[in-house]
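Colleague: Below you'll find the structure I mean.
The values are calculated or read from the model by the stated rules, or taken from the named source; none is laboratory data. Note that the coordinates shown come from a computational prediction; the quantities given were computed from them, not determined experimentally. When we count neighbours, we look across all protein chains shown, and the Cβ atoms used for this are built from the backbone with ideal geometry, even at glycine. To get the accessible areas, we keep the full protein, side chains included, count just its heavy atoms, and leave off ligands, DNA and RNA. Shrake-Rupley method; radii C 1.70, N 1.55, O 1.52, S 1.80 Å.
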Amino acid sequence: MLFVRQAGTPGTRSACFPADEPADAASLRKAERLGPALAAAVTWVAPVTAARQTAAALGSEATDAPELAEADAGRWRGLPYAKVAETEPDGLAAWLGDPRAAPHGGESLARLAARVSGWLDAAAAEAVVVCDVGVIRAALGHALGLGPLETARFDVAPLSTTELVPVRGGWRVAHVNRKVIT
């Protein structure tokens, strides 16, 4: 299972909570160069504009998978992390310290992890997935037996690849955050 982190967005550059927004044109041009390096066609995509645009730029048609959506950030959707830290420091601290917390009125990181784990175990292993960082971290957590707080330590750059390989009873991590193009 090859995960491709979707192309960057204005919110990615501004360190904002995820929102459904288009990818940057420059990132999409890089994605077009990445397409030939992928051995398989993209088969699954997170149901957001930037992921769909990235899959199209890779030259592949993809099927939306709602399970691959980022955690719903509720009222923090699209806001800069710095602003939330300033206006809701206790809520942000709770969200960062307790994977079951959802002080923003959206989805907890534990719920995201459970959703992605269920999808991953039911999905075909020979696939390419285009999604954002939270889903990739949740997949890594499932493969390695780590919780959401530990997986936050993984860097996963836009348009990098992360590969999980099925093994008896689980998954093996083949690579993380591989930058295929620059």
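Colleague: Antiparallel DSSP bridges in the chain: what percent, to the nearest 5?
Modeller: 55 percent
Colleague: Given a 1.4 angstrom probe, what's the average accessible area per residue across the stretch 53-182, in square angstrom?
Modeller: 49 Å²
Colleague: Something else now. Can you compute the helix-only [θ] at 222 nm over the chain? Use -39500 (n - 2.57) per DSSP H run of at least 4 residues, normalise by all residues, nearest 500 deg cm²/dmol.
Modeller: After summing the helix terms and dividing by the residues of the chain, the value is -10500 deg cm²/dmol.
Colleague: While we're on this one: For Glu126, Glu67, give the ranking by accessible area with the largest first, probe 1.4 Å. Could the numbers behind the result be given before it?
Modeller: Numbers: Glu126 165, Glu67 70 Å².
Ranked list, largest accessible area first: Glu126, Glu67.
Colleague: If the chain between Ala37 and Asp155 were fully stretched, how many nm would it gain, using 0.36 nm times the residue separation less the Cα-Cα distance?
Modeller: 40.3 nm
Colleague: How much of Leu149 can a 1.4 Å solvent probe reach, expressed as accessible area in Å² and rounded to 10?
Modeller: 60 Å²
Colleague: Rg and Dmax of the stretch 1-77, using alpha carbons, in Å: what are they?
Modeller: Taking only Cα atoms of the stretch 1-77, I get Rg and Dmax of 12.3, 39 Å.
Colleague: Shifting gears a bit: Given an 8 Å cut-off on Cα distances and at least 6 residues of separation, report the relative contact order of the chain as a percent.
Modeller: Value for the chain: 28 percent.
Colleague: Rounded to the nearest percent, how much of the accessible area of the stretch 58-182 (1.4 Å probe, protein heavy atoms only) is carbon and sulfur?
Modeller: Carbon with sulfur: 51 percent of the solvent-accessible area.
Colleague: Which value in nm describes the separation of the simple spin-label points at Ala122 and Val165, placed 7 Å from the Cα toward the beta carbon?
Modeller: 2.7 nm
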